[in-house]
Number of protein chains: 2
Amino acid sequence: MKRRTFLKGGAVVGATTLVAAPAIAQGSPEIKWRLTSSFPKSLDTIYGTAQTFAKYVADATENKFQIQTFAAGEIVPGLQALDAVSTATVEIAQTPLYFYIGKEPALAYATGAPFGMNHRHQGSWWSFGGGAELCNEALKPFKAHAILCGNSGTQMGGWFRKEIKTPDDLKGLKFRIAGMGGHVLAKLGIVPQQIAGGEVYSALEKGSIDAAEFVGPYDDEKLGFYKVAKYYYFPGWWEGGAMLHMVVNEEKWSALPKQYQAILNQAGAAAGAWMIEKYDSVNPAALKRLVAGGAELRAFPQPVMEACYQATQDHLNEIAEKSPLFKKTKESHDAYMKEVLFYTQIAENYYDNYLLSKARKG
Amino acid sequence: MKRRTFLKGGAVVGATTLVAAPAIAQGSPEIKWRLTSSFPKSLDTIYGTAQTFAKYVADATENKFQIQTFAAGEIVPGLQALDAVSTATVEIAQTPLYFYIGKEPALAYATGAPFGMNHRHQGSWWSFGGGAELCNEALKPFKAHAILCGNSGTQMGGWFRKEIKTPDDLKGLKFRIAGMGGHVLAKLGIVPQQIAGGEVYSALEKGSIDAAEFVGPYDDEKLGFYKVAKYYYFPGWWEGGAMLHMVVNEEKWSALPKQYQAILNQAGAAAGAWMIEKYDSVNPAALKRLVAGGAELRAFPQPVMEACYQATQDHLNEIAEKSPLFKKTKESHDAYMKEVLFYTQIAENYYDNYLLSKARKG
């Protein structure tokens, strides 16, 4: 059905008139949705992506399709965004799907697994490598449908009170880290901590935790961690190319006119581009300010990276043995990653490395 | 003006009715545009981006806004796409703006200068670094407005009959290369050749040219150059992150309802994402087939890269001395590039290099 006609209660136009004036009669329905985000408004790039998405949809429909955005906690807590979509408490949510790996481990790949593909390759896998289909299969029991809408790029590894020189330095470390990265690091002796965002600073200051990870320089700066845990490590290998989604209640999605589905998909891609473009525009200056403020940049040493990489492979293989859907998704992801890395080393990465070598020489 | 009412010739609805039934009266106008591409249909990813863009616009408007795509030569030759927009022969064109640096050198940065920013950073500069404003300033005399719609990523350096071991090997080399890359290489003794696509193969075979560059593995494979010039060099430093645009006649753009302008912008971003995602999905296998077919992969040796880099700086500085708009655009690009490279080396590039080191080990 390509054309739909919606008559509002008070409309007094007969069917004959509609047929006589088709250019006027093909109105699009007026729809109002509520969007719950898993993020606070203070994360103005991530939450801003939800606002940008909503604005794009309104712009493309002359405000007929309005999506009102709510920050985490305004309707439901951030970790319950998907449930709110499943129960149709809201029609749509902005949420990182790895929040829900306790219920469905395969959703790890919807955001990105540790040591998984980077920003650019995740997008290609999503659209052309079967990623969207696999992740939406994982979302079926949640009665939800995911639209790709953004990626953080490779995140930072977080703030540490002491330097990490060998894998042994990880043992017993109380690290505020969520999701699968925490599970992997637990294999290496880390004690993952779940602490609400507002309490992390004082926990670091008091020394009741030893480290905390968040996103990247621009977001991290606002929290001020550099004042109480000055070693700023990279890379955040557990979020090497974290995809974000708009997750829609399946029934609400199916009931939309095809036109509105197309507009949501396009707004998702456009707002997703906005997100990474915006991050790249604000992260460099934030990192400079952090370093000027006393942050000490450190790469995780190679032996630490190797230990983390091996622990990741072990962890992912263990889950694959238990979950067929996880296994299928992992195999799809890993095969795609092998292909794209083979090519990216030739042109893109060689070029990047050359530009960086020139930049370092000034 | 948020809401527009367009009455078609035959509509017999009075103003009073319009006020009484607003949900019905806000029809969107039916518009048909013609799009001329600078590319042939055989380049199904680049030309496919134009087709995808047109489909997205149709989908978002219930087919009310239709854009019919034409390959290079069907309406005007590929190099005249911008002129066709200026004269309103067509409303819109898909064209790489560096085709027109003979008329306005600053347009080099609209596509990307040699040794310029990569795919991801170009997008950020375009949206948040003033890139769009500067390039649209350069397009003013052409009565045209550019919408970003895609990027090729770093291209390959092309096919050579003989190996290039030192900068001296470039001297006298007849190289089929267009645009600013050719101007830079001319400083190093290359003789740039302009040959129509269909004649390059036989010119390479006969030895009347020594080398030819095109795009990347997937597109290059179709032309079969590996059979007559087996050394396949990388990277294509003259197109390190080549942006593509939809270029719209300024008057036609201004006359569009805001809704349609928003839809074009969003379709541009979404089709642009499609383009790089698609390239990343097809280039790896194509490169493997090329290597299996006899292509020999070579990186340009460091001394060659250094000579090209220096010749590029000289060339860009010479143009900047003559053109204030080029100078202003170059300064904006270079300052932005310095910032993004500072950050990208920390997280993204470190992560990429680590993944590649693991992939190489198998």
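Being facing another protein chain (nearest Cβ under 9 Å) and touching a His at 6+ places or on another chain (Cβ under 7 Å) is a property that holds for A:I276.
Looking at A:Y226, A:Y233, just one residue is closer than 15 Å to A:G157 by Cβ, outside any loop (DSSP other than H, G, I, E, B) and at pLDDT 95 or above, and that residue is A:Y233.
Among the residues making up the stretch B:73-90, a single one is over 13 Å from B:K103 (Cβ atoms), assigned to a helix (DSSP H, G or I) and either out of contact with any strand residue (DSSP E or B) (no Cβ under 6 Å at 6 or more places or on another chain) or open to solvent by 60 Å² or more (accessible area, probe 1.4 Å) (or both): B:G78.
Kindly establish whether B:Q259 is at the interface with chain A (Cβ under 10 Å from one of its Cβ atoms), more than 21 Å from the chain's Cα centre (by Cα) and not basic (K, R). Judged against the criteria, B:Q259 is a match. Exactly one residue among A:G197, A:G182, A:G130, A:G158 is over 16 Å from the mean Cα position of the chain (by Cα), within 14 Å of chain B (Cβ to nearest Cβ), closer than 26 Å to A:N283 by Cα and surrounded by fewer than 24 Cβ atoms within 10 Å (Cβ to Cβ), and that residue is A:G158. Restricting attention to the stretch A:200-215, which residues are within 14 Å of chain B (Cβ to nearest Cβ) and open to solvent by less than 30 Å² (accessible area, probe 1.4 Å)? Answer for the stretch A:200-215, where residues must be within 14 Å of chain B (Cβ to nearest Cβ) and open to solvent by less than 30 Å² (accessible area, probe 1.4 Å): A:E213, A:V215. Residues that are open to solvent by 50 Å² or more (accessible area, probe 1.4 Å), more than 8 Å from chain A (Cβ to nearest Cβ) and within 26 Å of the chain's Cα centre (by Cα) within the stretch B:322-362 comprise B:K322, B:P324, B:K327, B:K328, B:E331, B:D334, B:A335, listed in sequence order. For the stretch A:39-48, the set of residues classified as at pLDDT below 95 and of a type in the set (G, A, S) consists of A:S42 only. If we scan the stretch A:76-92, do we find a residue that is within 27 Å of B:L264 (Cα to Cα) and not aliphatic (A, V, I, L, M)? Checked the stretch A:76-92: at least one residue is within 27 Å of B:L264 (Cα to Cα) and not aliphatic (A, V, I, L, M). Scan the stretch A:244-264 and give yes if some residue there is aliphatic (A, V, I, L, M) and at pLDDT below 95, otherwise no. Checking the stretch A:244-264: not a single residue is aliphatic (A, V, I, L, M) and at pLDDT below 95. Just one of the listed residues (A:G102, A:G153) is open to solvent by less than 10 Å² (accessible area, probe 1.4 Å) and either farther than 25 Å from A:K252 by Cα or assigned to a helix (DSSP H, G or I) (or both), and it is A:G153. For the criterion of being hydrophobic (A, V, I, L, M, F, W, C) and open to solvent by less than 30 Å² (accessible area, probe 1.4 Å), A:A285 fails. All conditions in (1) open to solvent by 10 Å² or more (accessible area, probe 1.4 Å); (2) farther than 20 Å from A:N349 by Cα; (3) over 17 Å from the mean Cα position of the chain (by Cα); (4) not polar (S, T, N, Q) hold for B:F234, with the sole exception of (2). Any chance the stretch B:236-252 includes a residue that's in contact with an Asp or Glu (Cβ under 8 Å, 6 or more places away or on another chain) and at the interface with another protein chain (Cβ under 9 Å from one of its Cβ atoms)? Within the stretch B:236-252 (the criterion being in contact with an Asp or Glu (Cβ under 8 Å, 6 or more places away or on another chain) and at the interface with another protein chain (Cβ under 9 Å from one of its Cβ atoms)), the answer is yes, since at least one residue qualifies. With respect to the conditions (1) modelled with pLDDT of 95 or more; (2) more than 27 Å from B:T344 (Cβ to Cβ), B:L134 falls short on a single one, namely (2). Of the residues making up the stretch A:169-196, those that are free of Cβ contacts under 8 Å to residues at least 60 places away in the same chain, part of a loop (DSSP other than H, G, I, E, B) and among the β-branched types (V, I, T) number 2. In the set (1) in a helix (DSSP H, G or I); (2) within 14 Å of chain A (Cβ to nearest Cβ); (3) modelled with pLDDT under 95, B:Y218 fails one condition alone, (3).
Among residues that are in contact (Cβ under 8 Å) with a residue 40 or more places away in the chain, of a type outside the set (S, T, N, Q) and over 21 Å from B:A299 (Cα atoms), B:E199 is not included. Taking the numbered list (1) at the interface with chain B (Cβ under 10 Å from one of its Cβ atoms); (2) open to solvent by 10 Å² or more (accessible area, probe 1.4 Å); (3) more than 20 Å from the chain's Cα centre (by Cα) in turn, A:P301 passes all entries but (1).
Taking the criterion of being over 24 Å from B:L256 (Cα atoms) and not in a loop (DSSP other than H, G, I, E, B), the residues of the stretch B:105-120 that qualify are B:P105, B:A106, B:L107, B:A108, B:Y109, B:T111, B:H119, B:R120.
The values are calculated or read from the model by the stated rules, or taken from the named source; none is laboratory data. Source: prediction; values computed, not measured. Positions of Cβ are generated from backbone atoms using ideal geometry, with glycine treated the same way; all protein chains shown enter the neighbour counts. Note: areas computed on protein heavy atoms with side chains; ligands, DNA, RNA excluded. Shrake-Rupley method; radii C 1.70, N 1.55, O 1.52, S 1.80 Å.
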